[in-house]
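The values are calculated or read from the model by the stated rules, or taken from the named source; none is laboratory data. Since we're looking at a predicted model, the values are computed, not measured. Ideal geometry is used to build each Cβ from the backbone, glycine not excepted, and the neighbour counts take in all protein chains shown.
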Protein chains: 2
Amino acid sequence: MITSWREVEAGITFPEGFATAGVRCGLKTSGEDFALVVSESEATVAGLFTTNKVQGACVRYSRRVVRGGAAQAVVINAGNANTCNGEQGDTDNRTMADWVSRHLHIPPDRVITASTGVIGHLLPMENVRKGVDLAVSKLDSGRDADIGAATAIMTTDTYAKYRAAEVDADGWVAPIRLGGMCKGAGMIAPNMATMLAFVTTDARIPAPLLQEALRRASEASFNRVTVDGDTSTNDMCILMASGMGNGEISRAGDAFEDFVQALTRLCTLLAKELARDGEGATKLVEVRVRGAVSAPAAHAIARTIAESPLVKTALFGNDPNWGRVLMAAGRAGVPFDPDQTSLFIGDIEVFKTGTGMNFDRDAAHDYLTNKEIVLTVDAGMGDFTDTMWTCDYSYDYIKINAEYHT
Amino acid sequence: MITSWREVEAGITFPEGFATAGVRCGLKTSGEDFALVVSESEATVAGLFTTNKVQGACVRYSRRVVRGGAAQAVVINAGNANTCNGEQGDTDNRTMADWVSRHLHIPPDRVITASTGVIGHLLPMENVRKGVDLAVSKLDSGRDADIGAATAIMTTDTYAKYRAAEVDADGWVAPIRLGGMCKGAGMIAPNMATMLAFVTTDARIPAPLLQEALRRASEASFNRVTVDGDTSTNDMCILMASGMGNGEISRAGDAFEDFVQALTRLCTLLAKELARDGEGATKLVEVRVRGAVSAPAAHAIARTIAESPLVKTALFGNDPNWGRVLMAAGRAGVPFDPDQTSLFIGDIEVFKTGTGMNFDRDAAHDYLTNKEIVLTVDAGMGDFTDTMWTCDYSYDYIKINAEYHT
């Protein structure tokens, strides 16, 4: 059981053994656009990658590094996805890894690469070279370095997203630190965004366990965020364990379960920031489903509601339009019966077993003006639950996505 | 083989034996909101209904009528979906059918009902009564009556949608007339819209064949239109055959195949109007997929592209952003390989077997400013094709859906 959870205003270098830097090398029209994360010694590594059939060069490369179970650096560029660039794209990606490898005297197959930005434009390697040189020279630990790196990986994000916590659990030999940063601009898009998440820990933990922990934590956090249902070509989530702290998870069991729980909590904090900062978002929306006949059914209902443009536009308009929520649940393709269903907007029951309630519409409207809102669907058929995070659809969503030109 | 296709500016009463009326009874705040379609004698009937688990009272009732294979009237109200109203909703729906039945001296189980509008409000039966009385007194045939009915079934539609054609085929004993009207406002929504389509023919054709023809024609037309992926609780497509013309289709075979083809053509004309008038739409978008490994794969790719908010916002911005189209195809969950894929915007090849082409961006931008555009994906893997129709996502989509209040 987790016995203490202390959050700190820090990020990826909060765990022992990590340094980072965020610099500008001119890949974006303004601001920092190049980041490096380095572990003092070889770290164990886990990674999850996009399921899109179209994949960036970095995804193909980093997947192989992760398969090796060890990494010592992550190099990330914004402003250019290096996707659909044919063999030249793979060569350029490899060159970026090689430069980092030579500077840091580590093997190139210990360097994770990540790219986010426009598709179909070759990486300007002069700028990348400058980015590597500059980032290596500025490597540092601490809050400023963490914010610098979290800022450098942004595309249409409106703020840097980073979280850190020191955690203890009753079966652990010592507290474990977790740190992380992510970017997405909510929209998981190939064009000016991509979901990237990088998480570190100072626990000593073997790669297979680390991969299992990341898989489970992501399933309950990053995979529960949707802005528009679009999956990027470059999505990536990387977890490195330095082993430089005193914590150690050596096998499956209670201590490992507590680690998964702590990691899930940190990843959930990061994931909710992705939805909160969704393109054009005015509010963070949590969709809770309970009473479904199975876990997949609960997830299908939550996801269909969270991705429904009609639900999301109604929420932007602060309209307690339960008909749209019900309609979305009804088309999820899983067992669902309105006559057994109840709907809640916040704590206000708006629909009960087949009929609309005579609820206080003004109160519901007022509740929907909050920055964080919760919709709950009780399907009344079983014991399974699910939660998704999303945001509303505003004029700015259209503006950001229609007015950006390739 | 179809030997002649003559379109006329008319609608649901163009085939022999039908009369219609569109009147105002006060269910909407303004305009006509109540329509009746009547066949001189009992017609054979076919119908398709929403797959949403949440269904309007009219869907439950009309499904039973269609099962009987015969109908003589269709009564349609706009402004109120009569959905999620419990037993009272079913009673009110039945009463609406009863009133039509008594006025026209036909059995109530020969009356199809259809409702579209707000969910969760009881039907104001005083108004419905007035609507039935008025519509019966105004029944008429001809273009004006057709437009009146097509107007009365509108919700957020910006114009009435109706089509008619006289068709001949080499194996037919006589030409066959087809007429139809539909509404949707593009968005297939429970709140202020619903996809409703009503088609008539004067051919004599038994109900099982009629149902098979409607199923096949809809699959290639109405089921190929998507505005936002949301499926309404009240969607319905009804086809009545009066048998009052000289045409006859008595069994499966070439003559029937030609009838299916003609019906598909008429339904496609109607379906494209749904996409063209999508809420906030500025253009009609045809997504063509070829070279897929199977028919379901072709459909999944076409549909994922047609429903991608990123693609739809880019099209609103007239941006030849092929990365978004490729990304959407890549997440369709079916075999797809960018290295074998080519993309076309109109006739302009923008992406070929894995890499972006050096195409004329200005020409592509200019092409995208047209009112009708075609995107083509050649997956290069097989022989299967699919086509979907959709529209772009504009500021007005958000405006219509966020500013409408329940």
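Of all the listed residues (A:274, A:210, A:263), the sole one being modelled with pLDDT under 95 and either crowded, with 24+ Cβ neighbours inside 10 Å or in contact with a Phe, Trp or Tyr (Cβ under 9 Å, 6 or more places away or on another chain) (or both) is A:274. When the residues of region B:38-61 are narrowed to those that are touching a helix residue (DSSP H, G or I) at 6+ places or on another chain (Cβ under 8 Å) and under 13 Å from residue B:241 (Cβ atoms), which ends up surrounded by the fewest Cβ atoms within 10 Å (Cβ to Cβ)? Among those residues, the one meeting the criterion is B:42. Restricting attention to region A:282-307, the residues being polar (S, T, N, Q) and outside any helix (DSSP H, G or I) number 2.
Only residues that are crowded, with 24+ Cβ neighbours inside 10 Å and touching a Ser or Thr at 6+ places or on another chain (Cβ under 7 Å) were counted across region B:295-311, and they come to 3.
With respect to (1) out of contact with any Lys or Arg (no Cβ under 6 Å at 6 or more places or on another chain); (2) within 28 Å of residue A:277 (Cα to Cα); (3) modelled with pLDDT of 90 or more; (4) among the polar types (S, T, N, Q), the lone exception for residue A:341 is condition (2). Considering each residue of region B:71-93 in turn, none proves to be of a type outside the set (S, T, N, Q), in contact with a Phe, Trp or Tyr (Cβ under 7 Å, 6 or more places away or on another chain) and surrounded by fewer than 24 Cβ atoms within 10 Å (Cβ to Cβ).
Of all residue pairs spaced 6 or more apart or on separate chains, those with beta-carbon atoms under 8 Å, a first member in region B:371-394 that is farther than 23 Å from residue B:335 by Cα and a second member that is in a loop (DSSP other than H, G, I, E, B) and modelled with pLDDT of 95 or more are B:373/B:346.
Per-residue answers, yes or no, for (1) touching a residue at least 12 places away in the same chain (Cβ under 8 Å); (2) acidic (Asp, Glu); (3) farther than 23 Å from residue A:52 by Cβ:
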residue: B:310; (1), (2), (3): yes, no, no
residue: B:321; (1), (2), (3): no, no, no
residue: B:330; (1), (2), (3): no, no, no
residue: B:349; (1), (2), (3): no, yes, no
residue: B:355; (1), (2), (3): no, no, no
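Just one residue in the set A:57, A:43 is within 14 Å of chain B (Cβ to nearest Cβ), closer than 22 Å to residue A:110 by Cβ and in contact (Cβ under 8 Å) with a residue 12 or more places away in the chain; that residue is A:57. If you check B:54, B:65, B:75, B:100 for being in the same structural domain as residue B:269 (by TED's automatic domain parsing) and part of a strand (DSSP E or B), only one passes: B:75. Which one of the conditions (1) acidic (Asp, Glu); (2) at pLDDT below 95; (3) within 30 Å of residue B:4 (Cα to Cα) does residue B:140 fail to meet, given that it meets all the rest? With respect to (1) acidic (Asp, Glu); (2) at pLDDT below 95; (3) within 30 Å of residue B:4 (Cα to Cα), residue B:140 is out only on (2).
The residues listed here are B:315, B:310; of these, the one that is in contact with a Lys or Arg (Cβ under 6 Å, 6 or more places away or on another chain), assigned to a helix (DSSP H, G or I) and of a type in the set (A, V, I, L, M) is B:310. What about residue A:376, is it modelled with pLDDT of 95 or more and surrounded by 18 or more Cβ atoms within 10 Å (Cβ to Cβ)? Criteria met by residue A:376.
Would region A:383-396 turn up any residue that is in contact with a Pro (Cβ under 7 Å, 6 or more places away or on another chain), over 24 Å from residue B:391 (Cα atoms) and at pLDDT 95 or above?
no
Scoring residue B:356 on the criteria (1) modelled with pLDDT of 90 or more; (2) more than 28 Å from the chain's Cα centre (by Cα) leaves a single failure, condition (1).
Checked against (1) in a helix (DSSP H, G or I); (2) under 19 Å from residue B:184 (Cα atoms); (3) not small (Gly, Ala, Ser), residue B:279 passes all but condition (1).
Taking region B:290-305 as the range and being touching a Lys or Arg at 6+ places or on another chain (Cβ under 9 Å) and away from chain A (no Cβ under 13 Å) as the test, the residues that pass are B:298, B:299, B:302. In the set B:118, B:225, only one residue is within 30 Å of residue B:296 (Cβ to Cβ), among the aliphatic types (A, V, I, L, M) and assigned by TED's automatic domain parsing to the domain that holds residue B:246; that residue is B:225.
For residue A:95, state whether it is in a helix (DSSP H, G or I) and within 14 Å of another protein chain (Cβ to nearest Cβ). Before the answer, list the steps.
Values: in a helix (DSSP H, G or I): yes; within 14 Å of another protein chain (Cβ to nearest Cβ): no.
No.
Candidates in region B:319-342 are the residues that are more than 7 Å from chain A (Cβ to nearest Cβ) and over 25 Å from residue A:399 (Cα atoms); of these, the one that is surrounded by the fewest Cβ atoms within 10 Å (Cβ to Cβ) is B:339. Within the option set A:217, A:193, being closer than 25 Å to residue A:65 by Cβ, in the same structural domain as residue A:113 (by TED's automatic domain parsing), at pLDDT below 95 and not polar (S, T, N, Q) holds for one residue only, A:193. Scan region B:308-316 and give yes if some residue there is out of contact with any Asp or Glu (no Cβ under 8 Å at 6 or more places or on another chain), more than 8 Å from chain A (Cβ to nearest Cβ) and at pLDDT 90 or above, otherwise no. No: zero hits.
Looking across region B:103-140, just one residue is under 11 Å from residue B:36 (Cβ atoms) and in a loop (DSSP other than H, G, I, E, B), and that is B:139.
Against the list (1) on the phi < 0 side of the Ramachandran plot; (2) surrounded by 23 or more Cβ atoms within 10 Å (Cβ to Cβ); (3) at pLDDT below 95, the condition residue B:117 fails is (1).
Within region B:60-91, the set of residues being within 20 Å of the chain's Cα centre (by Cα), under 15 Å from residue B:238 (Cβ atoms) and of a type in the set (S, T, N, Q) comprises B:62, B:77.
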